[in-house]
1. With the contact rule set at Cα under 8 Å and sequence spacing of 6 or more, what percent relative contact order holds for the chain?
2. Can you sort VAL65, VAL28, VAL42 from fewest to most other Cβ atoms within 10 Å of each residue's own Cβ?
3. Using DSSP to call loops (not H, G, I, E or B), can you name the trypsin sites (Lys or Arg not before Pro) in region 17-53 whose Cβ has at most 13 other Cβ atoms within 10 angstrom?
4. How far is helix 32-44 tilted, in degrees, relative to the longest principal axis of the Cα atoms in the chain, given as a value from 0 to 90 rounded to the nearest 10?
5. Any chance you could tell me what percent of the C-alpha pair distances in the chain go past 22 Å?
6. Helix 15-24 sits at what angle to the longest principal axis of the chain, using alpha carbons and giving 0 to 90 degrees rounded to 10?
Amino acid sequence: MHTPHSEYLSLGKTKEERLENYRALFKVPVSTELLNDIRESVNKGLALGGDRFKAQIETLTNKRVAPRKAGRPQKKTDSAN
């Protein structure tokens, strides 16, 4: 048996009201740009959100969730020479 999530239960007092309100959440079209951002994030295993959110996720998971800069990493120079 499962227990419905509190967010779902907050959508209405009756099952019918909750179903109607839940379906209404998905009637708003998603922009092509947002859809592309979602796909890229999912395909690369990265978080999608603001910088603060990404920093919080990195802190919680101890994993990188934002893309790195494009290109090769800079070579480390030996300052002793």
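Since every read-out is calculated from the coordinates, none of them should be taken as a lab result. On a predicted model such as this, the values are computed, not experimentally measured, just so you know. Ideal geometry is used to build each Cβ from the backbone, glycine not excepted, and the neighbour counts take in all protein chains shown.
1. Details: 30 pairs, mean separation 11.1, N = 81.
Reported relative contact order: 14 percent.
2. Working: VAL65 19, VAL28 6, VAL42 10.
Ascending number of Cβ neighbours within 10 Å: VAL28, VAL42, VAL65.
3. Values: sites: ARG18, ARG23, LYS27, ARG39, LYS44, ARG52; in loops: LYS27.
Passing both the DSSP loop test and the Cβ count: LYS27.
4. 60 degrees
5. Details: 1906 of 3240 pairs.
Summing the P(r) of the chain above 22 Å gives 59 percent of all pairs.
6. 40 degrees
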